[in-house]
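Note sheet for the following structure.
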Amino acid sequence: MKQQTKKQRLKNVLPWNAKDHINQSVRDMPPSGIRKFFDLVSEMKGAISLGVGEPDFVTPWHVREACIYSLELGNTHYTSNKGMLELREAICQEVSRDMGIDFDCNEEILITTGVSEAVDLAFRATLNPGEEAVVPEPCYVAYTPDIILAGGVPKTVPTRLENEFRVQAEDVARRVTEKTRSLLLSYPNNPTGAIMTRSDLEDLADVVVENDLIVISDEVYAELTYSKSHISFAQLEGMKERTLILNGLSKSHAMTGWRIGYAMGDPALVGAMTKIHQYTMLCAPTMAQVAALEAMQSGKDEMLHMRHEYDLRRRLFVSGLNRIGLDCFEPKGAFYAFPSVQRFGLSSEEFAERLLYEQKVAVVPGNVFGESGEGFLRCSYATSREELIEALDRMEIFIKSL
Amino acid sequence: MHEILEILYENAKATPSEIAALLGKSEEEVAREIKEMEDAGIIRKYITLINWEKLDQSVVFAVLELKVALQRKTGYDAVAERIARFSEVESVRLISGGHDLSVTVRGKSMKDIAYFVAEKIAPLDGVQSTCTHFILKSYKEHGAILTEQPKPERLVITP
């Protein structure tokens with residue numbers, strides 16, 4: 001009798017389909033546009049890739065060596081949720097020295113597993129379902145998905161070449177509603193290489209205060225500016241409390257694979273992020289924190305050396321792009337050039353695909369980073385001088401063939 | 001360091017036009033500055049770093065440590081300059097520590113170098129003692145690691 005009931009019950013059950021068990025936001029999320037290009041380039045032999053968003057330098061040896069030594073001593077346990085105290089102290093000291101902002105190393109900083117985690121935590125800790133975050137584009141590909149995964153609604157704002165891709169306060173103001181909670185800033189910018197000026201930020205501050213917003217400021221390229229220092233929104237008078245500074249060692253110290261980032265800001269905001277972090281991550285990897293501490297304490301010279309090399313390549317590459325007919329404004333930060341392809345009558349994607357197939361140079365089409373990136377290409381100059389020169393030669397041949 | 005020198009220090013083959021592109025200067029300006037530094041003796045020579053291990057023909061290097069008697073008027077200079085004139089000698093340096101001069105010598109064989117030291121260097125007036133260290137293997141020269149190492153891989157496209 002019992003068995004029969006079971007059989008009858010199972011008869012009406014739908015066949016198993018794992019796809020029916022995926023969260024709706026995740027299911028509806030389009031795959032990153034960068035993925036398609038990755039697959040195309042991976043199959044191509046002899047291609048020069050200007051599509052890499054990380055330093056070509058290996059982490060300096062003294063940093064790797066400090067990590068190896070720490071492993072030999074057996075330091076393989078968890079750290080505090082917030083991260084090692086020495087590392088938090090070292091970062092707070094440097095931020096105090098370089099930016100003139102004091103953060104309490106016990107209450108106002110959290111060490112995260114890369115800046116990526118910090119971005120995710122920042123949105124999850126501050127957005128209620130249906131609330132909005134404003135995101136200037138073109139930008140790094142993770143912000144909008146992170147907002148959606150946090151239950152929020154991304155409101156993108158285009159930035160334009162005429163302003164050298166600095167986000168304008170009036171464009172932000174136009175997108176703010178009563179549901180808007182935060183404004184994301186990511187300068188120096190990936191993919192454009194743009195940096196903000198103090199007066200741009202001051203204009204934004206008015207919009208931020210009027211609408212009672214939090215600024216989530218991804219400053220992972222802060223150390224990589226040329227000719228002019230980076231300025232953070234938190235450095236404006238009275239704006240420290242409203243800003244979450246997100247930064248890490250990936251780009252400045254060539255430490256992408258270590259996954260060390262941090263968030264700094266008001267104790268209530270950092271505390272809320274720490275709450276999520278303690279349940280989802282527990283702590284950033286201990287061995288990577290040890291390496292990060294070494295980099296913070298004695299990595300300045302190597303960092304400056306790498307920045308100098310990027311600056312040389314930047315001049316070489318940007319002047320080269322303009323020479324061969326790919327118009328490019330001067331990028332003042334990060335390690336990207338963002339030339340325009342509009343005059344060729346091809347979309348970013350068509351241009352990038354044909355350049356790859358015909359001359360084996362891989363760049364990333366600008367539309368991958370948002371609609372306002374259409375008509376541009378992201379070219380990373382975090383690759384050797386020889387490759388940059390060779391890439392320019394091949395691009396010149398391609399352009400002449402158009 | 002001077003920014004042009006820094007580039008040439010790493011790559012003696014860098015041309016004025018390449019250097020100009022890196023520094024945002026004009027080619028003429030760079031060429032003129034290089035010429036000035038050559039004339040002033042700041043740039044002394046353009047060299048090629050050779051990985052001798054990869055060649056069949058035998059080349060032997062040795063580092064000599066010399067104790068030298070200080071001369072009343074010329075200090076170490078007279079004997080150091082005398083040693084420097086031998087074509088076998090690649091470098092001569094005054095050093096701190098237990099010895100006075102460090103001399104690098106190049107020869108075809110260990111025997112070659114041993115005879116050279118015994119016949120030419122040791123008998124010199126002022127040279128009190130010599131100690132010859134033959135170089136067995138070179139791991140790094142002029143900032144370049146010579147042992148083969150696989151290049152770490154990066155993903156070809158990343159956001």
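The values are calculated or read from the model by the stated rules, or taken from the named source; none is laboratory data. Model, not experiment: these values are computed from the prediction. Here the Cβ is made from the backbone with ideal geometry for all residues, glycine too, and neighbour counts use every protein chain on show. SASA here: full protein model, heavy atoms, side chains in, ligands and nucleic acids out. Shrake-Rupley method; radii C 1.70, N 1.55, O 1.52, S 1.80 Å.
Details
- Within 10 Å of the Cβ of each residue in B:147-157, the mean number of Cβ atoms contributed by other protein chains is 5.
- Rg and Dmax of the range A:1-138, based on Cα coordinates, read 24.7, 78 Å.
- Note on the protein assembly as shown: with charges restricted to the Cβ of Lys and Arg (+1) and Asp and Glu (-1), its dipole about the Cα centre is near 1960 debye.
- Accessible solvent surface per residue of the protein assembly as shown, calculated while the other protein chains remain in place, 1.4 angstrom probe, Å²: 52
- Extension gain (nm, one decimal) between A:Leu304 and A:Ile22, 0.36 nm per residue minus Cα-Cα: 96.9 nm
- Value of Rg to Rh for the protein assembly as shown, rounded to two decimals, is 1.08; Kirkwood radius and Rg both from alpha-carbon coordinates.
- Projecting the Cα atoms of A:Asn189, A:Ile148, A:Trp61 onto the dipole axis of the range A:61-191, where Lys and Arg carry +1 and Asp and Glu carry -1 at the beta carbon, places A:Ile148 farthest toward the positive end.
- Above-threshold pairs, the threshold being 29 Å between Cα atoms, out of B:Lys45/B:Lys108; B:Lys25/B:Lys151; A:Lys179/A:Lys240; A:Lys155/A:Lys275; B:Lys25/B:Lys45; A:Lys360/B:Lys54: B:Lys25/B:Lys151; A:Lys360/B:Lys54
- Carbon plus sulfur fraction of accessible area for the range B:55-136, probe 1.4 Å, in percent: 48
- Chain pair A, B: total accessible area buried, heavy atoms, 1.4 Å probe, Å²: 1700
- Sorted largest first, extent of the range B:27-159 alpha carbons per principal axis (Å): 67, 40, 30
- Candidate lysines - alpha carbon under 26 Å from A:Lys19, same-chain residues fewer than 8 apart omitted: A:Lys6, A:Lys7, A:Lys11, A:Lys36
- Antiparallel DSSP beta bridges within chain A, percent to nearest 5: 40
- Heavy-atom accessible area for A:Phe344, with the other protein chains in place and a 1.4 Å probe, reaches approximately 40 Å².
- Heavy-atom SASA rank of B:Ser129, A:Ser252 (probe 1.4 Å, accessible area, largest first): B:Ser129, A:Ser252
- Alpha-carbon centroid distance for the pair the range A:52-97 / the range B:60-110, whole angstrom: 45
- DSSP-loop chymotrypsin sites (Phe, Trp or Tyr not before Pro) across the range B:1-56, with at most 11 other Cβ within 10 angstrom: B:Tyr46
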